[in-house]
Amino acid sequence: MSPSIRDIKVYVPAKDFDLSKRFYSALGFKLTEGFGGTYDCELNGNRFRLQDYYVQDWADNFMMLMGVDDIDAWYEHAQKMADSGEFKGMRVSPPEEVSGSRVLHVVDSSGVLLIFIQ
């Protein structure tokens with residue numbers, strides 16, 4: 001039998017843990033309590049673990065790439081969140097064409113870059 005992986009989760013940093021939990025919940029992720037004070041964030045079977053831990057250099061270089069079907073819907077949703085003023089530090093750039101794909105960049109309040117690609 002060769003080695004295999006059943007599941008994999010990355011640990012995402014949070015500068016303000018409560019704000020990050022609200023951000024990912026508002027983005028559409030279902031949050032459930034994880035191990036050691038972390039929270040699992042799940043959307044359509046895709047998961048990561050949010051942790052109450054922050055190192056600026058790490059967070060500023062942390063990225064998550066997500067393949068999506070409707071980049072315009074994600075842009076509209078993220079822009080509404082940013083416009084609400086609830087998520088301090090959140091930034092959204094309009095979708096752009098990159099190498100034949102449409103790409104949306106969203107930065108969460110901890111500096112984590114979310115890259116949506118269609």
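A single entry from Met64, Met81 fulfils the requirement of being over 17 Å from Ile117 (Cα atoms), out of contact with any Cys (no Cβ under 9 Å at 6 or more places or on another chain) and surrounded by 11 or more Cβ atoms within 10 Å (Cβ to Cβ): Met81.
Scanning region 39-98 for residues that are farther than 24 Å from Arg6 by Cα, in contact with a strand residue (DSSP E or B) (Cβ under 9 Å, 6 or more places away or on another chain) and of a type in the set (Lys, Arg) yields one hit, Arg91. A single entry from Ala73, Ala78, Ala26 fulfils the requirement of being among the small types (Gly, Ala, Ser), out of contact with any Leu (no Cβ under 9 Å at 6 or more places or on another chain) and within 19 Å of Ala14 (Cβ to Cβ): Ala26. Only residues that are closer than 9 Å to Phe17 by Cβ and either at pLDDT below 95 or out of contact with any Ser or Thr (no Cβ under 8 Å at 6 or more places or on another chain) (or both) were counted across region 40-54, and they come to 1. For Ser110, the test of being in contact with a Gly (Cβ under 9 Å, 6 or more places away or on another chain) and polar (S, T, N, Q) is passed.
Scanning region 17-68 for residues that are in a loop (DSSP other than H, G, I, E, B), free of Cβ contacts under 8 Å to residues at least 24 places away in the same chain and under 12 Å from the mean Cα position of the chain (by Cα) yields a total of 1.
So, of the residues in region 30-45 that are under 25 Å from Glu76 (Cβ atoms) and touching a helix residue (DSSP H, G or I) at 6+ places or on another chain (Cβ under 9 Å), which turns out to be surrounded by the fewest Cβ atoms within 10 Å (Cβ to Cβ)? Top of the filtered list is Leu43. Scan region 94-110 and report the pairs whose first residue is charged (D, E, K, R) and whose second residue is not in a strand (DSSP E or B), with Cβ atoms within less than 8 Å and a gap of 6+ or a chain change. As it stands, the answer is Arg102/Ile71; Arg102/Gln118; Asp108/Ser20; Asp108/Phe23; Asp108/Tyr24; Asp108/Phe87; Asp108/Gly89; Asp108/Met90, since those pairs meet every condition given.
The values are calculated or read from the model by the stated rules, or taken from the named source; none is laboratory data. Every value quoted in this text rests on a predicted model; they were computed, and no experiment measured them. For neighbour counting, all protein chains shown are included, and Cβ atoms are generated from backbone atoms with ideal geometry for every residue, glycine included.
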